[in-house]
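Okay, structure first, notes after.
The values are calculated or read from the model by the stated rules, or taken from the named source; none is laboratory data. Just so it is clear, the structure is predicted and the values come from calculations on it, not from any experiment. We place every Cβ from the backbone using ideal geometry, glycine too, and count neighbours over all the protein chains shown.
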Amino acid sequence: MADNVLVAYATKNGSTAEIAEAVAEVLRKGGLTAEAVPAGSVTDLASYDAVVLGGGLYAGRWHKDARRFVRRHRRALTERPVWFFSSGPLDASASERDIPPVPGVRRAMDKLGVTEYVTFGGRLEEGAEGRIARMIVQSGKGGDFRDFAAIESWAERVARALGGQRVR
Ligand SMILES: Cc1cc2nc3c(=O)[nH]c(=O)nc-3n(C[C@H](O)[C@H](O)[C@H](O)COP(=O)(O)O)c2cc1C
(Lines give C-alpha, C1' and ligand atoms only; values in the text may rest on other atoms or scores of the structure.)
Protein backbone atom coordinates (compact mmCIF):
# COMPACT_ATOMS: atom_id res chain seq x y z
CA MET A 1 0.00 0.00 0.00
CA ALA A 2 1.29 3.44 -0.95
CA ASP A 3 0.53 5.42 2.17
CA ASN A 4 2.02 8.85 1.55
CA VAL A 5 0.69 10.58 -1.54
CA LEU A 6 1.79 13.98 -2.82
CA VAL A 7 -0.85 15.95 -4.69
CA ALA A 8 1.21 18.68 -6.36
CA TYR A 9 -0.50 21.51 -8.21
CA ALA A 10 0.46 24.36 -10.51
CA THR A 11 -1.93 27.26 -10.50
CA LYS A 12 -2.22 30.92 -11.40
CA ASN A 13 -5.71 31.70 -10.22
CA GLY A 14 -6.28 29.05 -7.56
CA SER A 15 -8.77 26.71 -9.22
CA THR A 16 -6.28 23.88 -9.72
CA ALA A 17 -5.25 24.21 -6.07
CA GLU A 18 -8.84 23.64 -4.97
CA ILE A 19 -9.09 20.56 -7.20
CA ALA A 20 -5.86 19.24 -5.65
CA GLU A 21 -7.25 19.85 -2.15
CA ALA A 22 -10.41 17.93 -3.07
CA VAL A 23 -8.34 15.02 -4.43
CA ALA A 24 -6.15 14.93 -1.30
CA GLU A 25 -9.26 14.96 0.90
CA VAL A 26 -10.71 11.91 -0.90
CA LEU A 27 -7.39 10.08 -0.60
CA ARG A 28 -7.34 10.78 3.15
CA LYS A 29 -10.90 9.51 3.48
CA GLY A 30 -9.67 6.36 1.76
CA GLY A 31 -7.16 5.84 4.55
CA LEU A 32 -4.09 7.21 2.78
CA THR A 33 -1.85 10.05 3.90
CA ALA A 34 -2.09 12.81 1.33
CA GLU A 35 -1.24 16.47 1.12
CA ALA A 36 -1.85 19.07 -1.56
CA VAL A 37 1.25 21.19 -2.09
CA PRO A 38 2.25 23.84 -4.69
CA ALA A 39 4.40 22.04 -7.28
CA GLY A 40 7.03 24.78 -7.13
CA SER A 41 7.67 24.27 -3.44
CA VAL A 42 8.45 20.55 -3.61
CA THR A 43 12.19 19.88 -3.40
CA ASP A 44 12.29 16.12 -2.91
CA LEU A 45 9.95 13.22 -3.61
CA ALA A 46 11.81 10.74 -1.37
CA SER A 47 9.13 10.75 1.35
CA TYR A 48 6.27 10.14 -1.12
CA ASP A 49 5.14 6.75 -2.37
CA ALA A 50 2.94 8.12 -5.15
CA VAL A 51 2.32 11.43 -6.89
CA VAL A 52 -0.69 13.18 -8.36
CA LEU A 53 0.30 16.24 -10.42
CA GLY A 54 -2.22 18.78 -11.67
CA GLY A 55 -1.72 21.92 -13.72
CA GLY A 56 -3.90 24.74 -15.01
CA LEU A 57 -3.88 25.01 -18.82
CA TYR A 58 -2.63 28.22 -20.37
CA ALA A 59 -2.45 28.65 -24.15
CA GLY A 60 -2.29 24.92 -24.77
CA ARG A 61 0.35 24.21 -22.13
CA TRP A 62 0.49 23.22 -18.51
CA HIS A 63 1.27 26.02 -16.06
CA LYS A 64 5.08 26.38 -15.93
CA ASP A 65 5.35 25.07 -12.37
CA ALA A 66 3.93 21.71 -13.51
CA ARG A 67 6.36 21.56 -16.45
CA ARG A 68 9.27 22.39 -14.13
CA PHE A 69 8.11 19.79 -11.63
CA VAL A 70 8.28 17.11 -14.32
CA ARG A 71 11.79 18.18 -15.39
CA ARG A 72 13.09 18.50 -11.85
CA HIS A 73 11.70 15.22 -10.50
CA ARG A 74 11.85 13.16 -13.67
CA ARG A 75 13.81 10.27 -12.23
CA ALA A 76 11.75 9.98 -9.03
CA LEU A 77 8.54 10.16 -11.07
CA THR A 78 9.53 7.19 -13.19
CA GLU A 79 9.97 5.19 -9.99
CA ARG A 80 6.52 5.88 -8.51
CA PRO A 81 2.89 5.51 -9.48
CA VAL A 82 1.88 8.86 -10.99
CA TRP A 83 -1.43 10.42 -12.01
CA PHE A 84 -1.74 13.64 -14.01
CA PHE A 85 -4.66 16.00 -14.35
CA SER A 86 -5.30 19.35 -15.98
CA SER A 87 -7.81 22.05 -15.22
CA GLY A 88 -8.81 24.07 -18.23
CA PRO A 89 -11.88 24.12 -20.43
CA LEU A 90 -14.22 27.00 -19.64
CA ASP A 91 -17.31 25.13 -20.78
CA ALA A 92 -19.04 21.85 -19.95
CA SER A 93 -16.95 19.80 -22.42
CA ALA A 94 -14.81 18.12 -19.75
CA SER A 95 -17.93 16.80 -18.01
CA GLU A 96 -19.31 15.48 -21.29
CA ARG A 97 -16.34 13.61 -22.69
CA ASP A 98 -12.72 12.65 -22.07
CA ILE A 99 -10.44 15.44 -23.21
CA PRO A 100 -6.96 14.20 -24.13
CA PRO A 101 -3.84 15.81 -22.68
CA VAL A 102 -2.27 18.75 -24.52
CA PRO A 103 0.80 17.70 -26.57
CA GLY A 104 3.37 18.77 -23.95
CA VAL A 105 1.63 16.77 -21.24
CA ARG A 106 1.30 13.80 -23.60
CA ARG A 107 5.05 13.91 -24.21
CA ALA A 108 5.76 14.04 -20.47
CA MET A 109 3.45 11.05 -19.95
CA ASP A 110 5.27 9.09 -22.65
CA LYS A 111 8.68 9.90 -21.18
CA LEU A 112 7.69 8.99 -17.64
CA GLY A 113 5.43 6.07 -18.47
CA VAL A 114 2.40 7.80 -16.94
CA THR A 115 -0.86 6.30 -18.19
CA GLU A 116 -3.46 7.87 -15.92
CA TYR A 117 -4.72 11.28 -17.02
CA VAL A 118 -7.86 13.37 -16.87
CA THR A 119 -8.88 16.88 -17.94
CA PHE A 120 -11.24 18.68 -15.57
CA GLY A 121 -13.16 21.82 -16.39
CA GLY A 122 -11.60 25.07 -15.24
CA ARG A 123 -12.66 28.23 -13.52
CA LEU A 124 -12.08 31.83 -14.50
CA GLU A 125 -13.86 34.51 -12.59
CA GLU A 126 -13.81 38.15 -11.58
CA GLY A 127 -10.45 39.10 -10.10
CA ALA A 128 -8.42 36.63 -12.23
CA GLU A 129 -4.88 37.73 -12.98
CA GLY A 130 -3.89 38.95 -16.44
CA ARG A 131 -5.29 41.08 -19.23
CA ILE A 132 -6.57 38.17 -21.32
CA ALA A 133 -8.19 36.62 -18.27
CA ARG A 134 -10.05 39.86 -17.57
CA MET A 135 -11.11 40.11 -21.21
CA ILE A 136 -12.53 36.57 -21.14
CA VAL A 137 -14.46 37.30 -17.94
CA GLN A 138 -15.73 40.64 -19.26
CA SER A 139 -16.95 39.03 -22.46
CA GLY A 140 -19.12 36.69 -20.37
CA LYS A 141 -17.11 33.54 -21.16
CA GLY A 142 -15.80 32.93 -17.65
CA GLY A 143 -17.36 30.79 -14.95
CA ASP A 144 -16.68 27.79 -12.81
CA PHE A 145 -16.79 24.56 -14.82
CA ARG A 146 -15.12 22.31 -12.27
CA ASP A 147 -17.17 19.18 -11.69
CA PHE A 148 -16.42 18.19 -8.11
CA ALA A 149 -18.46 14.98 -8.36
CA ALA A 150 -16.25 13.89 -11.28
CA ILE A 151 -13.13 15.06 -9.43
CA GLU A 152 -14.08 13.01 -6.37
CA SER A 153 -14.88 9.87 -8.32
CA TRP A 154 -11.55 10.13 -10.16
CA ALA A 155 -9.78 10.55 -6.80
CA GLU A 156 -11.62 7.49 -5.47
CA ARG A 157 -10.20 5.47 -8.34
CA VAL A 158 -6.72 6.73 -7.47
CA ALA A 159 -7.29 5.78 -3.82
CA ARG A 160 -8.41 2.29 -4.76
CA ALA A 161 -5.47 1.79 -7.11
CA LEU A 162 -3.16 2.73 -4.25
CA GLY A 163 -4.75 0.26 -1.92
CA GLY A 164 -6.97 2.66 -0.02
CA GLN A 165 -10.47 1.68 1.09
CA ARG A 166 -13.64 2.37 -0.80
CA VAL A 167 -14.78 5.75 0.44
CA ARG A 168 -18.44 5.64 -0.52
C1 LIG B 1 -4.77 33.46 -20.75
C2 LIG B 1 -5.51 32.18 -20.56
C3 LIG B 1 -5.26 31.11 -21.40
C4 LIG B 1 -5.96 29.89 -21.22
N5 LIG B 1 -5.69 28.84 -22.07
C6 LIG B 1 -6.37 27.69 -21.93
C7 LIG B 1 -6.12 26.58 -22.80
O8 LIG B 1 -5.27 26.63 -23.67
N9 LIG B 1 -6.86 25.46 -22.66
C10 LIG B 1 -7.83 25.35 -21.68
O11 LIG B 1 -8.48 24.31 -21.60
N12 LIG B 1 -8.07 26.36 -20.80
C13 LIG B 1 -7.37 27.53 -20.92
N14 LIG B 1 -7.61 28.57 -20.04
C15 LIG B 1 -8.51 28.38 -18.91
C16 LIG B 1 -7.73 28.01 -17.64
O17 LIG B 1 -7.02 26.83 -17.84
C18 LIG B 1 -8.69 27.82 -16.45
O19 LIG B 1 -9.13 29.08 -16.04
C20 LIG B 1 -8.01 27.06 -15.32
O21 LIG B 1 -8.99 26.66 -14.37
C22 LIG B 1 -6.93 27.91 -14.66
O23 LIG B 1 -6.34 27.24 -13.57
P24 LIG B 1 -5.81 28.03 -12.30
O25 LIG B 1 -6.95 28.83 -11.71
O26 LIG B 1 -5.36 26.96 -11.38
O27 LIG B 1 -4.68 28.91 -12.73
C28 LIG B 1 -6.93 29.78 -20.18
C29 LIG B 1 -7.17 30.86 -19.34
C30 LIG B 1 -6.47 32.06 -19.52
C31 LIG B 1 -6.75 33.20 -18.59
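Condition test on ALA22, is it in contact (Cβ under 8 Å) with a residue 12 or more places away in the chain and not basic (Lys, Arg)? Outline the logic, then answer.
On the way: in contact (Cβ under 8 Å) with a residue 12 or more places away in the chain: yes; not basic (Lys, Arg): yes.
So ALA22 passes the test.
Determine whether ARG160 is in contact with a Lys or Arg (Cβ under 8 Å, 6 or more places away or on another chain) and in a loop (DSSP other than H, G, I, E, B).
Numbers: in contact with a Lys or Arg (Cβ under 8 Å, 6 or more places away or on another chain): yes; in a loop (DSSP other than H, G, I, E, B): no.
So ARG160 fails the test.
Which of the residues belonging to the range 77-96 are more than 18 Å from PHE148 (Cβ to Cβ) and out of contact with any strand residue (DSSP E or B) (no Cβ under 8 Å at 6 or more places or on another chain)?
Residues satisfying the conditions are THR78, GLU79.
Any residue in the range 100-110 that is assigned to a loop (DSSP other than H, G, I, E, B) and of a type in the set (Lys, Arg)?
So far as the range 100-110 goes, no, none of its residues is assigned to a loop (DSSP other than H, G, I, E, B) and of a type in the set (Lys, Arg).
Would you mind telling me which numbered condition in (1) surrounded by 20 or more Cβ atoms within 10 Å (Cβ to Cβ); (2) among the small types (Gly, Ala, Ser); (3) touching a Phe, Trp or Tyr at 6+ places or on another chain (Cβ under 9 Å); (4) farther than 17 Å from ALA39 by Cβ SER87 fails?
For SER87, the failing item is (4).
Which count do you get for residues in the range 105-124 that are in contact (Cβ under 8 Å) with a residue 12 or more places away in the chain, of a type outside the set (A, V, I, L, M, F, W, C) and surrounded by 14 or more Cβ atoms within 10 Å (Cβ to Cβ)?
6
Please go through the range 92-104 and give me each residue that is more than 9 Å from the ligand (Cβ to nearest atom), closer than 13 Å to LEU57 by Cβ and in contact (Cβ under 8 Å) with a residue 24 or more places away in the chain, ordered by number.
Keep residues of the range 92-104 that are more than 9 Å from the ligand (Cβ to nearest atom), which gives 92, 95-98, 100-101, 103-104.
From what's left, closer than 13 Å to LEU57 by Cβ: 100-101, 103-104.
Answer for the range 92-104, where residues must be more than 9 Å from the ligand (Cβ to nearest atom), closer than 13 Å to LEU57 by Cβ and in contact (Cβ under 8 Å) with a residue 24 or more places away in the chain: PRO103, GLY104.
Which one of these is in a helix (DSSP H, G or I) and of a type in the set (Ser, Thr, Tyr): SER95, SER86? Even if it seems obvious, please write down each step before you answer.
Working: SER86 fails: in a helix (DSSP H, G or I).
None of the others qualify; the one that does is SER95.
In the range 109-129, which residue that is farther than 15 Å from THR16 by Cβ and not acidic (Asp, Glu) is nearest to the ligand (Cβ to nearest atom)? Show your work before the answer.
So the first thing to find is which residues in the range 109-129 are farther than 15 Å from THR16 by Cβ, and the list is 109-116, 126-127.
In the following step, the residues that additionally are not acidic (Asp, Glu) were identified as 109, 111-115, 127.
On the way: MET109: 17, LYS111: 21, LEU112: 22, GLY113: 25, VAL114: 19, THR115: 21, GLY127: 11 Å.
Within the range 109-129, the match that is nearest to the ligand (Cβ to nearest atom) is GLY127.
ASP3 versus (1) modelled with pLDDT of 95 or more; (2) out of contact with any Phe, Trp or Tyr (no Cβ under 6 Å at 6 or more places or on another chain): which is the lone unmet condition?
(1)
In the set ALA22, ALA34, which member is farther than 19 Å from MET109 by Cβ, surrounded by 24 or more Cβ atoms within 10 Å (Cβ to Cβ) and in contact with a helix residue (DSSP H, G or I) (Cβ under 8 Å, 6 or more places away or on another chain)? So that I can check it myself, show each step before the final result.
Numbers: ALA22 fails: surrounded by 24 or more Cβ atoms within 10 Å (Cβ to Cβ).
It is ALA34.
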